[in-house]
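Where a number appears in this text, it was derived from the coordinates with a stated rule and is not lab data. For clarity, every value in this text was computed on a predicted model and none was experimentally measured. Note: ideal-geometry Cβ built from the backbone for every residue, glycine included; neighbour counts use all protein chains shown.
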Amino acid sequence: ESTLYLKAKKVVITAGPTYEPIDPVRFIGNHSTGKMGFDIANEAAKRGADVVLITGPTSLTTTNDSIKVVKVLSAKEMYQACHEVFSSADIVIGAAAVADYRPKVVADQKIKKNDEEFTIVLEKNPDILASLGAIKTNQFLVGFALETENEIEYAKSKLKKKNLDLIVLNSLNDKGAGFGKPTNKVTFIDKDFTIFPQELKSKEAVAKDIIDQIVKSYVE
Ligand code: C5P
């Protein structure tokens with residue numbers, strides 16, 4: 001059991017995919033299960049934090065009744081939910097797989113098929129973490145990065161660009177890491193660009209390491 005606590009800290013976590021509506025019955029989504037975010041939420045609650053979990057659609061449930069779960073569908077809704085709680089947050093962890101784009105026009109009625117090609121024009125979604133980074137006062141901001149090349153360099157530039165305090169780099173080059181897998185291999189990079197490589201572990205164990213790292217860099 002870790003002795004690093006988060007008592008009386010308000011921790012906001014985003015998790016899961018976002019669904020970007022096309023019409024009343026269709027959407028653009030992704031394969032995120034939300035597991036990493038839910039594991040972090042459960043672990044933060046165990047350590048005594050006051051946890052708000054803002055999640056896109058997932059089949060997961062939390063293991064701790066004290067966690068406040070806010071269910072959202074789209075990136076726009078997730079953005080709003082995050083900004084509503086941000087001023088009272090101490091720590092924000094962005095573990096959601098937010099869609100980068102959304103359909104520019106959402107049809108009021110179900111779109112009918114015909115024999116023609118069909119084009120959906122996409123517009124950019126806001127970057128939720130970057131928008132929080134731009135207005136933060138004392139909040140400690142944690143982001144994830146999933147890269148396939150120049151991992152450390154890209155992660156460092158993301159940390160800077162989004163004004164984060166810690167970034168968790170997921171390596172796709174490691175078998176067993178990432179999307180839909182029960183395990184993850186991560187590297188932490190803090191604000192001073194100090195690099196902390198971690199072993200391949202279960203996502204529950206990675207969640208523990210993430211909370212430990214946050215407590216070390218922020219609370220103490
Ligand atoms: O820029 P990229 O999508 O690689 O950044 C990933 C990090 O930024 C994750 O922590 C993710 O939750 C967050 N993010 C966000 N809003 C977006 C896109 C990414 O909060 N629109």
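For segment 10-219, the alpha-carbon coordinates run over 58, 38, 32 Å along the three principal axes, in decreasing order. One chain, two ends: residue 66 and residue 192. Fully extended at 0.36 nm per residue, the span grows by 42.0 nm beyond their Cα-Cα distance.
If you count the DSSP beta bridges with both ends in segment 10-219, what percent of them are antiparallel, to the nearest 5?
Values: 17 of 42 bridges.
Of those bridges, close to 40 percent are antiparallel.
Each Lys and Arg adds +1 at its Cβ and each Asp and Glu adds -1 at its Cβ; summed about the Cα centre, segment 73-220 shows a dipole of about 160 debye. In a fully extended conformation the segment linking residue 31 and residue 105 would gain 24.3 nm over its present Cα-Cα distance, using 0.36 nm per residue. Just checking the listed ones, 170, 30, 114: in the Gaussian network model of the chain with Cα springs under 10 Å, the one fluctuating most is 114.
State whether segment 75-115 is rounded, prolate or oblate according to the following rule on the C-alpha gyration tensor (a ≥ b ≥ c being the square roots of its eigenvalues): a/c under 1.5 gives rounded; otherwise a/b larger than b/c gives prolate, and the remaining case gives oblate. Prolate is the answer for segment 75-115, as a/c is 1.5 or above and a/b outweighs b/c. Between 117, 20, 151, the Gaussian network model of the chain with springs among Cα atoms under 10 angstrom shows the greatest mean-square fluctuation at 117. Residue by residue, segment 48-63 carries 3J(HN,Hα) couplings of x, 6, 8, 9, 10, 10, 9, 10, x, x, 8, 8, 7, 10, 8, 9 Hz when phi is fed to the Karplus relation 6.51 cos²θ - 1.76 cosθ + 1.60 (θ = phi - 60°); x denotes Gly or Pro. Note on segment 1-145: with charges restricted to the Cβ of Lys and Arg (+1) and Asp and Glu (-1), its dipole about the Cα centre is near 300 debye. Between 28, 111, 93, the residue with the greatest mean-square fluctuation in the GNM of the chain (Cα pairs under 10 Å linked by springs) is 111.
Averaged over residues, the count of other Cβ atoms within 10 Å places the peptides 48-58, 197-207 in the sequence 48-58, 197-207, highest first. Modelled spin labels at residue 59 and residue 117, positioned 7 Å past Cα toward Cβ, are 3.6 nm from each other.
Label zone (residue 73, point 7 Å along Cα-to-C-beta; backbone nitrogen cut-off 20 Å) within segment 1-45: 15-34. For residue 28, nonlocal amide neighbours, meaning residues 5 or more places apart or on other chains whose placed amide H falls under 5 Å from its own, are 20, 22.
Couplings for segment 114-122, taken from phi via the Karplus curve 6.51 cos²θ - 1.76 cosθ + 1.60 with θ = phi - 60°, read 9, 8, 8, 5, 10, 10, 10, 8, 10 Hz in order; Gly and Pro are left as x. The HN-Hα couplings worked out from phi for segment 183-193 by the Karplus form 6.51 cos²θ - 1.76 cosθ + 1.60 (θ = phi - 60°) are 10, 8, 10, 10, 10, 8, 10, 9, 4, 7, 6 Hz, whole numbers, x standing for Gly and Pro.
Residues whose amide H falls under 5 Å from that of residue 147, counting only those 5 or more places apart or on a different chain, are 170, 172, with hydrogens built in the peptide plane.
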